Amino acid sequence: MNIDMSVKIAGVELKNPVMTASGTFGSGMEYSEFVDLNRLGAVVTKGVANVPWPGNPTPRIAETCGGMMNAIGLQNPGIDTFAARDLPFLQKYDTRIIVNVCGKSTEDYCEVVERLGEEKVDLLEINISCPNVKEGGIAFGQNPKAVEAITSEIKKRARQPVIMKLSPNVTDITETARAAEAGGADALSLINTLTGMKIDVNRRTFALANKTGGVSGPAIKPIAVRMVYQTAQAVKLPIIGMGGIASWEDAMEFILAGATGVSVGTANFHNPMTTIQVIQGMEEYMRKNHISDIKELIGSVR
Amino acid sequence: MSEKYRETVKIIEQKQIGTGIFSLWLQTDQIAAAAKPGQFISVYSQDKSRMLPRPISICEAEGKSGRLRIVYRVAGAGTEEFSGYQAGDTLDILGPLGNGFPLERMDEGKKAFLIGGGIGIPPMVQLSKELSGELTAVVGYRDELFLTEELGKNCRVCVATEDGSAGTKGNVLDCIRENDLHADVIYACGPTPMLRALKAYAQEQGIECWLSLEEKMACGIGACLACVCKSKEVDDHSKVHNKRVCKEGPVFLSTEVEL
């Protein structure tokens, strides 16, 4: 039986739904030693800003039960180095390239989006969990009006289709999802990390220098699946689901909940081969269940 | 870029060699042969609630037999779990990781200090086997000694203990001064206050000093940017004043990094 794992996101065809979660895979160079990037549906890069960002002081990470917490602070080498060094590396592979964009102000995002318009990149993923310095540091993704506004500004300038990456640290994910749709987003990705804190009781200090950090990994999966399901019910846009995917079964949950694509993040740290195993497992599942096209499964939970 | 391997290895022997300090000999396929002094391995937990690998320095690596030794301290849940394993059990590891100590900075005519503080001592063992020249291991402990016999095979060993129960009462610098020791190059691993003091000492003496740093890690291979240290100059890879301890390090020239 011929298995078709291909999916289309905003007009871009991916050979399978499996991608890497931004921030966990760099721009592919380090993991390419372990993973054949040609097999992935897409590589989603680390967030890129208009200038190099140094990120936060260390400690930047802490392990939590069934996952971890990070406050890397979006350290990145800036768009110039990214375009000159990291993009050419990824372009050697037969995989889609999704560039994640971060910024401190709407102008910052727009500058990067315009620059990327000149590059051979398939999709843009906009990280709106960044704090907006002009609004006192509150994340762009935290309120629906801000989400709609930044989406619309970016859409005016973007050449490639735009994926808005939603923050789960909101009261109602469907509000921000609908706001991104209203702003013109071509797709949504969720969830980003959930804000958490860890205290070292022996040293009586915060585990992270930043005090709080984003929680990721298997422990957050139920929240992520719920949010993907709610979002799929609320908007018509394709969704890339993520949050604790460590196996093909986890990935299948997101697809059944309504996701067209799935991203693997934290699990890469535990097993660099996770993405490949997810692809293989999903294919096996389809074969066993006599399903020839993965698209039949999207949102088919009852 | 050196080769890295993910292997499921068999435990040859586990022994407790001090209070909370364990020695583990592993049978590797390619990791031991590829390992250089100063490199480390990522050790994975078998408990599904612990996702992150624990980075542990390589103490000894036998290329021909494939045997690899790590000596570690039980510091938390992961290392606690490892200390319960026995001969015949298997373990998942990734390595060798990091850059290792630069052996080419030494030759027959030079003197080196191999300075270890507490659980920073294990990487000095493999270094002592491969470094040329006149070697003096200066090792500092709280009270109990370990690995002095192994170090003694290739170095003069000078000991310092905080409680004065053996060697110099005090720390490694006290030991150096008390014994009027001198060297052309320093290779060091241990707690940050010790590394800071050695950086200053090396500057005073005008000698070259290589420090092995540590930082909390997630991926261990340079992708996630968790384990950075501050660099004096803008780093060519990051374009900011940060270097990756797992990739550009863990060994850095003391003048390159801010502690």
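Entry remark, the stretch B:176-196: residues being more than 17 Å from B:Met106 (Cβ to Cβ) and surrounded by fewer than 17 Cβ atoms within 10 Å (Cβ to Cβ) number 8 in total. Scanning the stretch B:241-259 for residues that are buried (at least 17 other Cβ atoms within 10 Å of the Cβ) and in contact with a helix residue (DSSP H, G or I) (Cβ under 6 Å, 6 or more places away or on another chain) gives a single hit, B:Ser254. For the stretch B:25-54, a residue qualifies if it is more than 14 Å from chain A (Cβ to nearest Cβ), part of a strand (DSSP E or B) and of a type in the set (Lys, Arg), but none of them does. For the stretch A:119-128, indicate whether the set of residues that are part of a loop (DSSP other than H, G, I, E, B), at pLDDT 95 or above, out of contact with any Asp or Glu (no Cβ under 7 Å at 6 or more places or on another chain) and of a type outside the set (Asp, Glu) is non-empty. Taking every residue of the stretch A:119-128 in turn, at least one turns out to be part of a loop (DSSP other than H, G, I, E, B), at pLDDT 95 or above, out of contact with any Asp or Glu (no Cβ under 7 Å at 6 or more places or on another chain) and of a type outside the set (Asp, Glu). For the residues B:Ser132, B:Ser165, the requirement of being in a loop (DSSP other than H, G, I, E, B) and farther than 21 Å from B:Ile21 by Cα singles out B:Ser132.
Per-residue answers, yes or no, for (1) buried (at least 23 other Cβ atoms within 10 Å of the Cβ); (2) among the basic types (Lys, Arg); (3) more than 29 Å from B:Ser42 (Cα to Cα):
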| site | (1), (2), (3) |
| --- | --- |
| B:Gly98 | yes, no, no |
| B:Val125 | yes, no, no |
| B:Tyr141 | yes, no, no |
| B:Arg156 | no, yes, yes |
| B:Asp163 | no, no, yes |
| B:Lys169 | no, yes, yes |
| B:Asp174 | no, no, yes |
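Taking the stated definitions as given, is A:Glu153 in a helix (DSSP H, G or I), among the acidic types (Asp, Glu) and under 16 Å from A:Asp108 (Cβ atoms)? Against the criterion (in a helix (DSSP H, G or I), among the acidic types (Asp, Glu) and under 16 Å from A:Asp108 (Cβ atoms)), A:Glu153 qualifies. Going by the conditions given, is B:Glu80 within 14 Å of another protein chain (Cβ to nearest Cβ), on the phi < 0 side of the Ramachandran plot and either surrounded by fewer than 23 Cβ atoms within 10 Å (Cβ to Cβ) or in a strand (DSSP E or B) (or both)? So B:Glu80 passes the test.
Quick one: A:Asn210 ticks every box in (1) in contact (Cβ under 8 Å) with a residue 24 or more places away in the chain; (2) more than 20 Å from A:Ile72 (Cβ to Cβ); (3) within 14 Å of another protein chain (Cβ to nearest Cβ) bar one, so which box is it? Just one mismatch for A:Asn210, condition (2). Here B:Ser2 passes the criteria (1) within 14 Å of chain A (Cβ to nearest Cβ); (2) surrounded by 14 or more Cβ atoms within 10 Å (Cβ to Cβ) except the one numbered (2). Within the stretch A:84-113, track down each residue that is within 14 Å of chain B (Cβ to nearest Cβ) and either of a type in the set (S, T, N, Q) or touching a helix residue (DSSP H, G or I) at 6+ places or on another chain (Cβ under 7 Å) (or both). Of everything in the stretch A:84-113, just one residue is within 14 Å of chain B (Cβ to nearest Cβ) and either of a type in the set (S, T, N, Q) or touching a helix residue (DSSP H, G or I) at 6+ places or on another chain (Cβ under 7 Å) (or both), namely A:Asn100. Scanning the stretch A:90-118 for residues that are under 18 Å from A:Met164 (Cβ atoms), among the aliphatic types (A, V, I, L, M) and in a helix (DSSP H, G or I) yields A:Val112, A:Val113, A:Leu116. Would you mind stating whether A:Ser32 is within 14 Å of another protein chain (Cβ to nearest Cβ), surrounded by fewer than 23 Cβ atoms within 10 Å (Cβ to Cβ) and of a type in the set (Ser, Thr, Tyr)? Yes, satisfied.
For the stretch A:254-266, a residue qualifies if it is surrounded by fewer than 23 Cβ atoms within 10 Å (Cβ to Cβ) and either within 16 Å of A:Ile291 (Cβ to Cβ) or among the basic types (Lys, Arg) (or both), and exactly one does: A:Leu256.
Restrict the check to the stretch B:15-22 and report whether at least one residue is more than 12 Å from chain A (Cβ to nearest Cβ), surrounded by fewer than 24 Cβ atoms within 10 Å (Cβ to Cβ), touching a residue at least 60 places away in the same chain (Cβ under 8 Å) and not in a strand (DSSP E or B). Checked the stretch B:15-22: at least one residue is more than 12 Å from chain A (Cβ to nearest Cβ), surrounded by fewer than 24 Cβ atoms within 10 Å (Cβ to Cβ), touching a residue at least 60 places away in the same chain (Cβ under 8 Å) and not in a strand (DSSP E or B).
A residue that is within 17 Å of A:Thr95 (Cβ to Cβ), β-branched (Val, Ile, Thr), in contact with a strand residue (DSSP E or B) (Cβ under 7 Å, 6 or more places away or on another chain) and within 14 Å of chain B (Cβ to nearest Cβ) can be found somewhere in the stretch A:273-293.
The values are calculated or read from the model by the stated rules, or taken from the named source; none is laboratory data. Given the structure is predicted, the values throughout are model-derived calculations rather than measurements. So basically every Cβ, Gly included, is an ideal-geometry build from the backbone, and we count neighbours across all protein chains shown.
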